[in-house]
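Engineer: First, the structure itself, so that you have it in front of you.
Coordinate-derived values only; no laboratory data. Remember, predicted model here, so these are calculated numbers, not experimental data. Note that each Cβ is placed from the backbone with ideal geometry, even for glycine, and that neighbours are counted across all protein chains shown.
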Amino acid sequence: MDRQDAVDYLIIGGGIIGLNIAITLKKRDPSASILLIEKESAPAMHSSGRNSGVLHAGFYYTADSLKARFTREGNRAMHAFCQERGLAINPSGKVVIATDAAELSALEELKRRGDTNGVALEWLTEEELATQYPNIKTYQKALYSPTTATVDPKAVTLEFAKVATEMGIEIRTQTAYEWQIGKGRIGTTTGMIAYKKLINCAGLYADKIAEDFGFSQAYVIIPFKGIYLKDSDNVSQLTTNIYPVPNLANPFLGVHYTLTVEDAAKIGPTAIPAFWRENYKGFANFDLDEMVQILYYEAKLFVTNAFGFRSLAISEVKKYAKGHLITLAKKLTKDMDHSAYDHWSTPGIRAQLLDTRTLELVQDFVVEGDGESVHILNAVSPAFTSSIPFAEWVVEEYL
């Protein structure tokens, strides 16, 4: 196969980012040949189909971050997409509460960020909160986000796959990247593929593929396992999402309540350091090489206690105990019935990028590339919410 037989664009990864980049490319050039390969039997088998399904509003992030820009725009775009395609949305909103004076100042910082980012937020006094949401408790006041909502993440991602197929984009499943053969060619589990431009959206494996092309030299992906404790029938009568003030020094939002699109209630998630990239349950998908590399960096983080990793790891492991997780959640509520939070949700793995030079978790999106290939290295939460404008930006800036 020579260069003229190559597809114009080859995308690795059938998650929400890869699909939206494919769609954006096709909109820009309807004549372009686009092939998306996915190692699983269908799209949305990993983080795109296993996340909380929350459409974030965009007030957690500093104004100079890509996340601030794309979350605000993405929330609107995702609402419009779901309405256009007839997908369910739960317009449940979100309440962020404080437990003491120190957290109140952090809550005020979130309001400032929201105002700067152009995100609608409303203050609720304790009295107003008690009237609207009797089971939520706060210190002096709380923040209400009216544009936060929830969707079914798997259904949404599969709908994007359907759109891509309707546009003439080929999605080839059970086809995994194996190696770079040479310029413009890769080997896969189903044979060689030639391309003019490659876009790596491989999530948990994005850094490994990027290394083959000379990128991700200062980064490695560290997986964190997230699971929720679920009340499928919403016996607790949860009516909105309830979040604590997060630690703005790390990318995790703390234990919170999520109201799903099916009106089920969840407590969580955990952010437990995983030992290999698809360490969902037991020894399934075990990979010794991955474990050795990941344990090396996790041990380094534990010893140096970079970004408070030691206490984070210990506190997260404790969350495997259902009673402990419920106790943490109860700090946000009053007399809520927690008896039906009795089973775990499907686990997900967060592909969190680590800067190996500074031993810091990278909080913003990271993209590297050149004339031949582009690599989406860090597309963690709220990447699901941000996927439409983020994909448009990647295409505009790198393709």
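Engineer: What relative contact order, as a whole-number percentage, does segment 69-178 give when Cα pairs under 8 Å and 6 or more residues apart are counted?
Structural biologist: Relative contact order, segment 69-178: 33 percent.
Engineer: Run the quick spin-label model on D5 and D64: label points 7 Å from Cα toward the beta carbon, then report their separation in nm to one decimal.
Structural biologist: 5.0 nm
Engineer: Using a Förster distance of 45 Å, how high is the FRET efficiency between T356 and R172, based on the Cβ-Cβ distance and rounded to 0.05?
Structural biologist: Computed FRET efficiency for T356 and R172: 0.85.
Engineer: Once phi is turned into θ = phi - 60°, what whole-Hz ³J(HN,Hα) does the Karplus curve with 6.51, -1.76 and 1.60 give for every residue of segment 72-80, x standing for Gly and Pro?
Structural biologist: 4, 5, x, 4, 5, 5, 6, 4, 5
Engineer: Quick one: which residues, 5 or more positions from H256 or on another chain, have an amide H under 5 Å from its amide H? H modelled 1.01 Å from N in the peptide plane, none for Pro or chain starts.
Structural biologist: Amide H neighbours of H256, under 5 Å, 5+ apart: G268.
Engineer: Count the net charge of all other residues whose Cβ sits under 14 Å from the Cβ of N305, scoring Lys and Arg as +1 and Asp and Glu as -1.
Structural biologist: With Lys, Arg at +1 and Asp, Glu at -1, the neighbours total 0.
Engineer: Which part of segment 86-122 falls in the paramagnetic zone of S311, meaning amide N under 17 Å from the point 7 Å along Cα-to-beta-carbon?
Structural biologist: Answer for segment 86-122: 99-104, 106.
Engineer: Another question, then. Report, ordered by chain and residue number, the lysines lying within cross-link reach of K141, taken as a straight Cα distance under 25 Å and ignoring same-chain residues fewer than 8 apart.
Structural biologist: In chain and number order, the partners are K94, K111, K266, K330, K331, K334.
Engineer: Work out which chymotrypsin sites (Phe, Trp or Tyr not before Pro) in the chain are exposed loop sites (DSSP not H, G, I, E or B, at most 13 other Cβ within 10 Å) and give the longest gap free of them.
Structural biologist: Counting at most 13 other Cβ atoms within 10 Å as exposed, the longest clean stretch of the chain is 1-282.
Engineer: I'd like the Karplus ³J(HN,Hα) series for segment 199-214: coefficients 6.51, -1.76, 1.60, θ = phi - 60°, whole numbers in Hz, and an x wherever there's a Gly or Pro.
Structural biologist: Each residue of segment 199-214 in turn: 10, 8, 10, 8, x, 4, 10, 4, 5, 5, 5, 4, 4, 5, 9, x Hz.
Engineer: Relative contact order for segment 195-264: what percent, with Cα pairs under 8 Å and sequence separation of 6 or more?
Structural biologist: The value is 21 percent.
Engineer: Another question, then. Largest first and in whole Å, what are the equivalent-ellipsoid semi-axes of the chain based on the Cα gyration tensor, each being the root of 5 times an eigenvalue?
Structural biologist: 36, 23, 19
Engineer: Turning to a different aspect of this structure: Check the straight Cα-Cα distances from K183 and name the lysines below 20 Å, setting aside those fewer than 8 residues away within the same chain.
Structural biologist: In chain and number order, the partners are K196, K197, K208.
Engineer: Using Cα pairs under 8 angstrom and six or more residues apart, how large is the relative contact order of segment 3-59, in percent?
Structural biologist: Across segment 3-59, relative contact order equals 40 percent.
Engineer: Please compute the net charge surrounding T173, taking Lys and Arg as +1 and Asp and Glu as -1 over other residues with Cβ under 12 Å from its Cβ.
Structural biologist: -1
Engineer: First select every other residue whose beta carbon is under 11 angstrom from the beta carbon of V54; then total the charges, Lys and Arg +1, Asp and Glu -1.
Structural biologist: +2
Engineer: Could you tell me whether segment 1-122 comes out rounded, prolate or oblate from its Cα gyration tensor? Rule is a ≥ b ≥ c as square roots of the eigenvalues, rounded for a/c under 1.5, then prolate if a/b exceeds b/c, otherwise oblate.
Structural biologist: Prolate.
Engineer: State the Cα centre-to-centre distance between segment 146-165 and segment 324-399 in whole Å.
Structural biologist: 16 Å
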